[in-house]
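Working notes for the structure below.
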Amino acid sequence: MAQNVKELANFIWSIADEILRDNYKRSEYADVIYPFTVIRRLDLILEPNHEKVLETEKKFKRQLKDLSGVLTNASGYAFYNTSKYTFSKLLNDQGNIQGNFLDYLKGFSENIQEIIDKFDFRHVITGLQLKGLLYKVIQKFANPQIQLHPDKLSNHEMGYVFEELIRKFNEATNENPGEHFTPREVIALMVKLLIAKEKGRLSRTGVITTVYDPACGTGGMLSEAKKSIVAENPNSQVHLFGQEINDKTYAAAKSDMLIKGEDPDRIKPGSSFSNDGFLSQHFDYILSNPPYGKNWKGEEEEITKEAQRGGRFVAGLPGISDGQLLFLQHMISKMHPNPKDKTRIAIVFNGSPLFNGDAGEGESEIRRWILENDWLEAIIGLPNQLFYNTGIFTYIWILTNKKENARKGMVTLVDARDMYVKMGKSLGDKRNAISAEQIDQITSLYLGNTPNGRVKIFNNTDFGYRKVQIDRPLRLNFQASEERIARLDEQTAFKAISLSKKKTPKDREKEKLSGREAQETIRKALRTIGDELYKDWKLFEKMIDTAFEKLDYKPKAAIKKAIFNALSQKDETAEIVFDGDGNPIPDSELRDHEYIPLDQDVYEYFDREVKPYAPDAWIDETYKDSKDGKIGRVGYEINFNRYFYIYTPPRSLEEIDKEILAIEKDILEMLGAVKG
């Protein structure tokens with residue numbers, strides 16, 4: 001498959017590069033190539049029954065107001081074309097190519113017209129004609145070498161063609177590599193993980209199953225899901241639902257649903273975040289591979305408002321540069337609200353959702369929400385270089401609103417990162433694949449749920465921690481040296497003494513003069529203390545008070561604070577500085593945080609792990625969690641690598657010495673041979 005798909009994609013790309021190069025920017029190639037690829041695929045499908053459709057239209061034109069029923073019967077599909085033209089017939093009249101092609105497009109049924117409009121295809125045709133390229137492009141796509149008929153190119157293979165074209169366009173325009181097509185074997189694994197324990201439900205007579213993908217791309221994941229479900233029960237009814245934000249891929253998905261006889265109205269355009277196409281609807285199986293690292297700034301206002309009013313994103317908002325966890329919250333909102341109606345979710349993430357975000361931040365709060373509600377069932381680590389447009393490691397998360405008793409309160413991690421086979425020929429960044437046998441092995445590991453080298457089982461709370469703030473006291477020495485007195489000029493409160501906001505120049509100057517005199521009085525008082533170094537702040541405070549009393553001057557609190565700031569310096573050998581209530585003042589530079597597992601007592605941990613090394617430290621008891629009100633902010637992270645880390649000891653010195661001696665011997669022998 002890989003060779004044929006890549007050759008076909010390269011051939012289609014060569015059309016663009018050959019014909020469009022001098023008239024279009026590379027970033028504009030997709031505007032031409034995508035719609036022509038889809039429309040030519042539809043053309044090939046309809047061509048065998050084209051004459052039958054024309055005859056049917058002629059026969060019933062005066063008898064029926066709505067011909068759609070008889071015309072779809074004639075075409076054999078849920079769509080048709082009543083134009084007298086096909087791609088091959090269009091080539092017979094080069095002089096009228098634009099008018100004839102527009103007539104050809106007009107002949108498509110209404111459900112195809114939306115696809116044409118989403119591509120803005122008529123505008124594209126006008127542009128091509130103005131540049132004298134329309135006939136050449138149609139001629140190229142009519143070439144039998146472009147085998148786009150479903151009998152020759154399956155939906156998933158069509159998806160690979162689109163992905164190869166997307167990759168080339170992205171390379172040309174330097175666009176987001178996180179938008180990628182999901183490999184067929186990854187979808188197969190996701191679906192198998194979802195339905196492996198559902199055979200009893202799926203095999204029931206007359207069962208209706210709903211499947212939803214909120215970022216469905218060209219629809220490949222939905223199609224593969226249905227294929228797997230129907231394999232379990234050929235008589236089952238599977239209803240597919242999807243939404244896609246990109247107009248071109250939406251059009252491709254909708255056209256494919258039409259080809260397969262699915263209900264095209266269940267594929268919605270637009271963003272699942274700001275324009276949910278399935279409000280208040282819930283589904284049995286939800287699966288998706290959302291874009292990685294996609295910025296959601298453009299929808300920030302709508303998403304934030306919904307979070308504030310307790311909607312789908314109430315758990316928290318991730319960083320603006322990555323919306324993956326927004327997709328997961330949206331998918332969770334589509335679970336059946338009654339746990340008696342089970343929903344299972346499979347979503348592919350990169351590593352970021354596992355650990356991004358500190359305690360109290362959006363990502364951590366979303367993980368907390370998921371784990372505290374006991375929805376997360378398993379995470380499967382996948383090999384790298386599986387995906388078409390990125391070589392990174394990825395992870396399948398499995399969630400459900402109805403865990404079986406043996407899994408309640410727990411999460412299973414499965415390490416399948418080295419379970420792959422090398423591909424004979426790469427597809428973009430995809431160099432690895434998961435074989436059918438390995439899919440079965442991974443599924444068995446998940447189903448077995450038995451701890452071993454590849455499977456680890458954790459309590460939900462094992463991923464949680466409390467971020468506890470540890471403070472140490474401020475220790476300062478003080479000195480009224482000329483150097484430190486000069487620092488007063490850097491203190492805002494001290495500088496403000498000689499400033500004025502009086503309205504008249506005379507009053508302003510008078511107030512400034514008075515301020516400068518006060519500044520000089522302060523300097524004079526401090527110089528009487530001398531330049532002795534004080535390590536006891538209380539004693540130095542007395543010295544300052546005495547110095548000002550002698551000059552009958554009482555500085556304001558802000559000025560006194562400025563004096564302490566200017567004349568002080570950090571000194572770990574000095575006495576602790578206390579506030580007015582007798583509490584030690586924390587040194588912000590020495591402030592630290594301890595991440596304490598949820599199952600450990602905060603104070604016991606502190607006495608064991610902190611106190612022996614910092615006897616003067618204390619726990620900041622005002623640093624609390626916003627939800628449970630306890631000391632320390634709660635956070636959750638899933639450090640997949642740490643749980644499966646295997647220590648590899650370094651080689652011994654003896655082994656290294658032997659290797660060096662062997663290399664030296666080889667070098668000497670080579671030099672001897674050269675001298676010869």
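When restricted to Cα atoms, the stretch 237-338 yields an Rg and a Dmax of 14.2, 42 Å, respectively. The residues PHE349, PHE644, sorted by heavy-atom accessible surface at 1.4 Å with ligands and nucleic acids left out, run PHE644, PHE349 from largest to smallest. Within the assembled protein chains, the solvent-accessible surface assigned to HIS123 is about 120 Å², based on a 1.4 Å probe.
Each Lys or Arg adds one and each Asp or Glu subtracts one; over the other residues with Cβ under 15 Å from the Cβ of LEU413, this totals +1. A straight Cα-to-Cα reach below 25 Å connects LYS430 with the lysines LYS6, LYS152, LYS168, LYS192, LYS226, LYS227, LYS248, LYS294, LYS422, residues fewer than 8 places away in its own chain not being considered.
Over all distinct Cα pairs, what is the inverse of the mean 1/r for the stretch 567-617, reported as the Kirkwood hydrodynamic radius in Å? Don't skip to the answer; put the middle values down first.
Values: mean 1/r = 0.0754 Å⁻¹.
This gives a value of 13.3 Å.
Size descriptors for the stretch 428-517, from the alpha-carbon set: Rg then Dmax equal 35.2, 93 Å.
Counting only protein chain heavy atoms and rolling a 1.4 Å probe, the accessible areas of TYR80, TYR595 rank, largest first, as TYR595, TYR80.
Peptides 507-516, 457-466, 286-295 ranked from most to least packed by the mean count of surrounding Cβ atoms within 10 Å: 286-295, 457-466, 507-516. Over all directions, the projected convex hull of the C-alpha atoms in the stretch 1-158 averages 9.7 nm² in area.
Each residue, SER626 and GLU404, gets one label point 7 Å from its Cα in the Cβ direction; the gap between the two is 3.9 nm. Rolling a 1.4 Å probe across the protein heavy atoms gives the stretch 51-112 an accessible surface of 59 Å² per residue. In terms of the mean number of neighbouring beta-carbon atoms within 10 Å, the peptides 40-47, 576-583, 628-635 order highest first as 40-47, 628-635, 576-583.
Taking 0.36 nm per residue of separation and subtracting the Cα-Cα distance, full extension of the segment from TYR603 to GLN441 would add 53.8 nm. Both the radius of gyration and Dmax for the stretch 488-630 are 21.7, 70 Å, in that order, over alpha-carbon atoms. Could you pull out every one of the aspartates and glutamates with an alpha carbon less than 20 Å from that of LYS65, ignoring same-chain neighbours closer than 8 positions? Output for LYS65: GLU55, GLU57, GLU110. Gyration tensor over the Cα atoms of the chain: the corresponding equivalent ellipsoid has semi-axes (square roots of 5 times the eigenvalues, largest first) of 65, 35, 30 Å. With the simple model of a label 7 Å out from the Cα in the direction of the Cβ, ALA614 to ARG26 spans 5.3 nm. For the stretch 382-443, the calculated P(r) over all alpha carbon pairs, in 5 Å bins from 0 to the bin holding the longest distance, is 4, 16, 22, 20, 15, 10, 8, 4, 2 percent.
Ranked by the mean number of other Cβ atoms within 10 Å of their residues, highest first, the peptides 21-28, 369-376 fall in the order 369-376, 21-28.
Diffusion coefficient of the stretch 308-465 by Stokes-Einstein, Kirkwood radius over Cα pairs, 4 °C, 1.567 mPa s: 77 µm²/s.
Taking the protein heavy atoms of the chain in the context of the full set of protein chains, the accessible area attributed to carbon and sulfur is 48 percent at 1.4 Å.
One quarter of the convex hull surface built on the alpha carbon atoms of the stretch 281-375 amounts to 6.1 nm², the projected area averaged over directions. Can you give the FRET efficiency for PHE60 and GLN139, using 1/(1 + (r/R0)^6), R0 = 41 Å, r = Cβ-Cβ distance, to the nearest 0.05? Here the calculated transfer efficiency is 0.75. Entry note: the stretch 172-326 has Rg to Rh equal to 0.99, where both radii use alpha-carbon atoms and Rh is the Kirkwood radius.
Where only DSSP H runs of four or more residues are counted, the chain gives -13000 deg cm²/dmol as its mean residue ellipticity at 222 nm, each run worth -39500 (n - 2.57). Debye sum, Cα scatterers, the stretch 464-557, no solvent: what log₁₀ I/I(0) at q = 0.14, 0.22 1/Å? Results for the stretch 464-557 at q = 0.14, 0.22 Å⁻¹ read -0.64, -1.17. Partners of LYS425 within straight-line reach, counting aspartates and glutamates whose Cα lies under 17 Å from its Cα and excluding those fewer than 8 residues away in the same chain: GLU7, GLU157, GLU163, GLU164, GLU185.
The values are calculated or read from the model by the stated rules, or taken from the named source; none is laboratory data. What you are looking at is a predicted structure, and each value in this text was computed from that prediction instead of being measured. Here Cβ is always computed from backbone atoms with ideal geometry, including for glycine, and neighbour counts include all displayed protein chains. To get the accessible areas, we keep the full protein, side chains included, count just its heavy atoms, and leave off ligands, DNA and RNA. Shrake-Rupley method; radii C 1.70, N 1.55, O 1.52, S 1.80 Å.
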